[in-house]
1. Looking only at residues that are part of a loop (DSSP other than H, G, I, E, B) and more than 24 Å from Asp160 (Cβ to Cβ) in region 233-261, which one is most open to solvent (accessible area, probe 1.4 Å)?
2. Could you please tell me which pairs satisfy a Cβ distance under 6 Å, a separation of 6+ or placement on different chains, a first residue in region 184-207 that is more than 16 Å from ligand 1 (Cβ to nearest atom), and a second residue that is modelled with pLDDT under 95?
3. Given the conditions (1) within 30 Å of Val205 (Cα to Cα); (2) within 14 Å of the chain's Cα centre (by Cα), report the number of the one that Ile138 does not fulfil.
4. Regarding Val197, is this residue at pLDDT 95 or above, out of contact with any His (no Cβ under 9 Å at 6 or more places or on another chain) and open to solvent by less than 10 Å² (accessible area, probe 1.4 Å)?
5. Whether any residue in region 281-303 is more than 20 Å from Gly177 (Cβ to Cβ) and either touching a Leu at 6+ places or on another chain (Cβ under 6 Å) or part of a helix (DSSP H, G or I) (or both) is what I want to check.
6. Please list, ordered by first then second residue, the pairs with beta carbon atoms under 9 Å, 6 or more apart or interchain, first in region 153-175 and on the phi > 0 side of the Ramachandran plot, second assigned to a helix (DSSP H, G or I) and open to solvent by less than 40 Å² (accessible area, probe 1.4 Å).
7. Look at region 140-159 and say how many of its residues are surrounded by 24 or more Cβ atoms within 10 Å (Cβ to Cβ) and more than 13 Å from ligand 1 (Cβ to nearest atom).
Amino acid sequence: MTKIFSTQKQPENGTKYAAGVIRSGGLVAFPTETVYGLGANGLDGEAVKRIFEAKGRPQDNPLILHVARKNDVRELWTSVPERAKLLMDAFWPGPLTLIFNKSSAVPDEVTCGLDTVAVRMSENKTALCLIRAAGVPIAAPSANLSGKPSPTTAQHVIDDLWGKADVILDGGPCRFGVESTVLLLTGVPTILRPGAVTKEMIEAVIGETRLSKSILQPLGEGERAASPGMKYKHYAPEAEVIIAEGDAKTAAGIIRREYDGMTQSGKRCIILTSEENYTFYKGRHYDIIGSRRDERTLCAALFSKLREYSDTVDVIFTEAVPPDGYGLAYMNRLLRAAGFRTVSE
Ligand code: AMP
Ligand code: MG
């Protein structure tokens, strides 16, 4: 049986009980500022295996270890590079995951055999209470079934993992709604997954930082992913997702044409648009996801909207945004949800 505690009024509600579950090898879903995580004792290989089973996660996709203090990285990495110290001071607690060489304390189940490990410190109060009470780093990927859009509310976790997680801590909707920025710190710093901490923000602290090639394009045949998670079809609802490219007017023209064609052939369609663009779609079935002037609003609502329409429509039309700043995180998730299916003039 899955137990639920609401932590919205009191962040620590249920965290003592949940910490006991973690220590005895169980699974706890908990809120962070990015998405909900499904956690297990990060130093216990057997407990970590249960995360992969519950999610149906591929065996070669490593997990992030969540810590409650910056100093905790000392026991997880072989050393703490200067760049990591600067970044932790600037962005922890917050939505930035750092990858460096792993120490022998980290079980292979966490890293899927890699010699590096990803670590992050969330700013969410419930997450921090839970990790402190557990007294161990908590290994936690997103608390969804593998391949589905990440969960941004406790209801999403219930929909995917009821009966599989031992405890769900309900902290309300997640603030950012897309996963953390993942930064590899061995060699030239490289962003493997874009998030709310942007390339510009990182460069302001440590200088030159690269973007992994696989952020906006699928891997070529036989190519190796720097971040194993990037090679899988991800964030995908049941419905087909189609992205229209070009400026607002061009994208709207494409969507109206495709929408009308598909509707006539009996398909149920929805257009996910913005506060700025919805007037292009009057008379059609649309929903406003946020504002193009602040891509954070688009990020915050994306997964929730993809889930909402996942099995009530056949096709979800969306508009591309410029892939910079927060727009890069948005396009990275949207392209994967769409299986890279874009339409341009
Ligand atoms: P999730 O926690 O489900 O959002 O996934 C964690 C992401 O971090 C995935 O894309 C993983 O592939 C990536 N990741 C975790 N550990 C490593 C690592 N040691 N090297 C490269 N990527 C990693
Ligand atoms: Mg995930």
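1. Asp247
2. Close Cβ pairs satisfying both conditions: Thr198/Gly325.
3. Exception for Ile138: condition (2).
4. Against the criterion (at pLDDT 95 or above, out of contact with any His (no Cβ under 9 Å at 6 or more places or on another chain) and open to solvent by less than 10 Å² (accessible area, probe 1.4 Å)), Val197 qualifies.
5. Yes, region 281-303 contains a residue that is more than 20 Å from Gly177 (Cβ to Cβ) and either touching a Leu at 6+ places or on another chain (Cβ under 6 Å) or part of a helix (DSSP H, G or I) (or both).
6. Gly172/Ala154
7. 3
Okay, residues lined up against (1) more than 16 Å from ligand 2 (Cβ to nearest atom); (2) touching an Asp or Glu at 6+ places or on another chain (Cβ under 6 Å); (3) part of a loop (DSSP other than H, G, I, E, B):
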| site | (1), (2), (3) |
| --- | --- |
| Leu130 | yes, no, no |
| Pro151 | no, no, yes |
| His156 | no, no, no |
| Asp159 | no, no, no |
| Lys164 | no, no, yes |
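The values are calculated or read from the model by the stated rules, or taken from the named source; none is laboratory data. Model, not experiment: these values are computed from the prediction. Here Cβ is always computed from backbone atoms with ideal geometry, including for glycine, and neighbour counts include all displayed protein chains. Accessible surface areas use protein heavy atoms only, side chains included; no ligands, DNA or RNA. Shrake-Rupley method; radii C 1.70, N 1.55, O 1.52, S 1.80 Å.
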